[in-house]
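Got a structure for you, questions after.
The values are calculated or read from the model by the stated rules, or taken from the named source; none is laboratory data. Bear in mind that the values here come from a model prediction, so they are computed numbers and not experimental data. Ideal geometry is used to build each Cβ from the backbone, glycine not excepted, and the neighbour counts take in all protein chains shown.
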Amino acid sequence: MIGAERTESAQAGADGGVPAGPPPHSAPGGIFRGASWLAGSRLVSQIYSWVGTIYVASMLLPKDYGLSALATAFTEFAFVLGNMGIGATLIQRQETDKRKIDNLFAATAILGFILAVAAVLLAYPGARYFKNEALVPLTQFTAVIYIFNALSIVPYNFLNRDMRFKERGIIDMASVFLAITVEIIMAYSGCGVWTLLVGPAVRFFSRMVLSFYYSGYRPTLFFDFRMLREDLVFGAQVTFNWFLSMLRDRSILIILGRFYSVKDMGLLSLAGNLAAIPNQKVVQLIQEVMLPVLSKRKNDRAGRMRGLETSFKTIILIVFPAYLCGFWYGETVLIHILGEKWAPMFPVFQVLCVVQVWGMFAGFISTYNTAEGKPTKTTAYELVLMALVPSATFLFHDLGLLRMTAIWGALIFSAYAIWLTILFRKDGSFLPRVAGLKISVVLVCALGFAADAAVRKAFPGLADGFIGMLVRVGGFSLFYLAFLRFFHWEFLSHLRRK
């Protein structure tokens, strides 16, 4: 979604070169400053990413996005299996033992290469399943991405473990800039669907190289399965939850890919990618900060609950309204950005914005459970969705993409609401406070949208133009910022001092 400060924890020491020691941002206000570095770099890279994505989408066709999505429909599981939860294990356990870390690195490297070979072999049955031989070389190319990802897991998560968010931000920003630049050049050169595969490969390769550089980690050859078993127990629990989530999402492509055209799958793919932007860029950033912070409070449940509530309040005030705006303004904004070619995708995008909301909140609960050392609390939720979403997709596929997205949203919301209630029903006023804040944000946004609807009705020609669109969106933004200033400024100021 270059330089960096060096800290003592990044220096080679008696442990043989493993970065270890107190996190460099442990001073008062340090977590916010470190997270601000990560957020700032993420914002800069995201702006460039938006520009690049819009340009690439204007140059490519919906079928290119469909081919890219189908090419990874079966092999995307390699990302989850290649991790084995080792990144979360390093963070949750604050692992510093050089021998154990080398063992974890060897495990991810070995599995990464095995899964890369599997991706090459799966290309043939995958192409036959979707009845499109053009998928064979595309699927096989993804093998290199999985290798780069596997090799970067350990050094990349050193930075997360020690809350070295500045270096993390630099790595993320540099890798995104390189990838998007390559995609822009390839799209301009007429490379078609390959643009969407080579770009991610460049991003993961650059992330791998920079992770080794900034983490200071230098692996040595060592592998002992007996030593690995203890870490695999926890890692397997985390991986299983990720796998269920990935299996649910991939099953949608696998099922719908049999009934819909490549163009339709491309429309769904781009709609999903755009709707997921706040979740992937802002929400994941907060989760990345949240996991190591709460992991250090593993023996302090009250402290963890305060951290969870702070995280919830942050995303409800900042990210939740962005998704509501995506639902309300989606078609108006996208028609000016992407043009008529992508018009059938706009209603699907708007509904997916609502679907993403419940996945966003559920992701925070999952991160909390992982920090607590109890990822199995997430498993039941993922199993329920794994059973419901693919089944509904298969049973109601003939209703069309728009109705399908609405069904997904209803199922995910129901499962999330029940799961949240079960987990925190005994935690005092946590649930009422969270629910009350959500309702207040919805009401404020509804008031702003009602005013926007009145303006659009009074000045239909002007309001639907490009300048009118900017004025409407800008007016709502100012209205919502005023709401934050008068009612939640104390909380935001307190957050800044953390």
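Residue-wise test of (1) in contact with a Phe, Trp or Tyr (Cβ under 8 Å, 6 or more places away or on another chain); (2) not acidic (Asp, Glu).
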{"position": "Asp398", "(1), (2)": "yes, no"}
{"position": "Phe430", "(1), (2)": "yes, yes"}
{"position": "Lys457", "(1), (2)": "no, yes"}
{"position": "Gly461", "(1), (2)": "no, yes"}
{"position": "Gly475", "(1), (2)": "no, yes"}
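May I pose another question? Given (1) modelled with pLDDT of 80 or more; (2) touching a Phe, Trp or Tyr at 6+ places or on another chain (Cβ under 9 Å); (3) assigned to a helix (DSSP H, G or I), identify the lone condition not met by Pro278.
Unmet for Pro278, out of (1) modelled with pLDDT of 80 or more; (2) touching a Phe, Trp or Tyr at 6+ places or on another chain (Cβ under 9 Å); (3) assigned to a helix (DSSP H, G or I): (1).
Here is a follow-up. With the structure loaded, tell me whether Thr421 is among the hydroxyl-bearing types (Ser, Thr, Tyr) and either buried (at least 16 other Cβ atoms within 10 Å of the Cβ) or part of a loop (DSSP other than H, G, I, E, B) (or both) or whether it fails that test.
No; evaluated as a whole, the condition is false for this residue.
Based on what the data block shows, is Ala174 of a type in the set (Gly, Ala, Ser), surrounded by 22 or more Cβ atoms within 10 Å (Cβ to Cβ) and either out of contact with any His (no Cβ under 9 Å at 6 or more places or on another chain) or outside any helix (DSSP H, G or I) (or both)?
no
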